[in-house]
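Chemist: Got a structure for you, questions after.
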Amino acid sequence: MTLIDGKAIAARINEETRASVAALKARGITPGLAVVIVGDDPASHAYVRSKEKTARDIGMHSVKIELPRETTQEELLAQVRRLNADPLIHGILVQSPPPRHIDERVVIGSLDPRKDVDGFHPVNVAKVALGDPDAFVPCTPLGCQRLLLESGIQIAGADVVVLGRSMIVGKPLALLLMNKGRGGDATVTVAHSRTRDLAEVCRRADILVAAIGQPEFVKADMVREGAVVIDVGINRIADPSSPKGARLVGDVAFAEVAAKCSAITPVPGGVGPMTIAMLMHNTVLAAERIGK
Ligand code: GUN
């Protein structure tokens with residue numbers, strides 16, 4: 001069984017991105033990333049801190065905008081408009097989910113698609129569906145695809161089951177893996193909570209991607225012997241034996257599934273660091289495109 005080391009692969013990619021940032025700076029362009037977070041969810045704040053820190057570490061201009069929970073939709077839209085117009089900012093990310101009184105679709109629709117490094121704007125969603133190379137591809141699906149490519153796993157012709165149909169992971173990943181060309185050409189099934197005979201569907205997979213948001217949902221009986229398993233889940237569960245009283249687990253019951261598959265990503269240290277590496281990559285792309 002191979003443990004797919006997302007942390008090491010992401011570190012390598014970040015070094016490449018650092019070189020691209022240096023090359024842009026030599027042309028007078030410093031890639032700038034703005035991360036906006038509304039409210040005080042601790043997990044979201046932790047993600048945003050790592051995004052901002054990585055951006056800074058690799059030499060980007062990095063701005064974090066923290067807004068209180070009571071921020072109105074109009075105030076958030078005003079921030080987005082200001083960032084759309086800011087020539088020092090090439091990438092804008094609004095951390096999801098916002099508080100319930102904010103309509104996320106309206107906020108995403110207000111982003112300049114050329115600065116939408118999350119790939120959530122309808123223009124970019126459409127471009128991914130079209131297989132347009134100019135798309136900004138959402139960072140987590142892009143990170144999953146890159147992990148498979150870097151690990152030398154055959155995607156073309158493979159039976160892939162994507163468990164989960166979210167707009168952030170499941171749907172765009174299914175499109176990426178079924179699109180024509182490198183990193184694509186798979187036979188993709190999207191399964192979810194309403195899928196009949198879910199275990200049986202999952203057992204067909206050469207590559208099983210778990211993005212369902214349920215701790216340790218995927219058990220050994222859902223995985224074919226020798227399959228590749230990509231675990232997108234990040235779930236905090238109570239653990240009285242740990243010093244913090246809690247620990248992170250994925251959407252996969254790691255120990256029992258690892259004993260059965262040919263390769264698997266750990267949580268933490270699998271997909272998570274790749275998401276951030278792809279955000280940096282997308283921000284450099286945005287700066288290259290806008291800077292031209
Ligand atoms: N929340 C969880 N994942 C993501 C992501 O990739 N981008 C944003 N903006 N919010 C998220």
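Chemist: Please tell me if Lys25 is basic (Lys, Arg) and buried (at least 16 other Cβ atoms within 10 Å of the Cβ).
Modeler: The answer is no for Lys25.
Chemist: Let me ask another. Residues that are within 14 Å of the ligand (Cβ to nearest atom), modelled with pLDDT of 95 or more and in contact with a Leu (Cβ under 7 Å, 6 or more places away or on another chain): does region 96-108 have at least one?
Modeler: Yes; the residues of region 96-108 include at least one that is within 14 Å of the ligand (Cβ to nearest atom), modelled with pLDDT of 95 or more and in contact with a Leu (Cβ under 7 Å, 6 or more places away or on another chain).
Chemist: Further, regarding this structure: So which residues in region 83-98 are surrounded by 13 or more Cβ atoms within 10 Å (Cβ to Cβ) and either over 21 Å from Pro138 (Cα atoms) or basic (Lys, Arg) (or both)?
Modeler: Listed by number, the list holds a single entry, Asp86.
Chemist: Need the failing condition index for Leu88 against (1) within 12 Å of the ligand (Cβ to nearest atom); (2) in contact with a His (Cβ under 7 Å, 6 or more places away or on another chain), just the number.
Modeler: (1)
Chemist: Here's a follow-up. Please indicate, with yes or no, whether at least one residue in region 167-187 is touching an Asp or Glu at 6+ places or on another chain (Cβ under 7 Å), of a type outside the set (S, T, N, Q) and buried (at least 21 other Cβ atoms within 10 Å of the Cβ).
Modeler: Among the residues of region 167-187, not one is touching an Asp or Glu at 6+ places or on another chain (Cβ under 7 Å), of a type outside the set (S, T, N, Q) and buried (at least 21 other Cβ atoms within 10 Å of the Cβ), which makes the answer no.
Chemist: Now for a separate question. Could you tell me whether Val117 is buried (at least 21 other Cβ atoms within 10 Å of the Cβ), more than 15 Å from the ligand (Cβ to nearest atom) and modelled with pLDDT of 95 or more?
Modeler: no
Chemist: Any residue at all in region 137-152 that's without any contact (Cβ under 8 Å) to a residue 12 or more places away in the chain and away from the ligand (no atom under 16 Å from the Cβ)?
Modeler: Our first condition is that a residue be without any contact (Cβ under 8 Å) to a residue 12 or more places away in the chain; within region 137-152, this holds for 152.
Now restrict to residues that are away from the ligand (no atom under 16 Å from the Cβ): 152.
Among the residues of region 137-152, at least one is without any contact (Cβ under 8 Å) to a residue 12 or more places away in the chain and away from the ligand (no atom under 16 Å from the Cβ), which makes the answer yes.
Chemist: Could I ask something else about it? Could you list, in sequence order, the residues of region 7-48 that are more than 27 Å from Leu149 (Cβ to Cβ), touching a helix residue (DSSP H, G or I) at 6+ places or on another chain (Cβ under 8 Å) and either modelled with pLDDT under 95 or hydroxyl-bearing (Ser, Thr, Tyr) (or both)?
Modeler: Thr30
Chemist: Tally up the residues in region 92-147 that are outside any loop (DSSP other than H, G, I, E, B) and out of contact with any Lys or Arg (no Cβ under 8 Å at 6 or more places or on another chain), please.
Modeler: Total meeting the criteria: 27.
The values are calculated or read from the model by the stated rules, or taken from the named source; none is laboratory data. In this text the structure is predicted, and so the values were computed from the model without any measurement. Ideal geometry is used to build each Cβ from the backbone, glycine not excepted, and the neighbour counts take in all protein chains shown.
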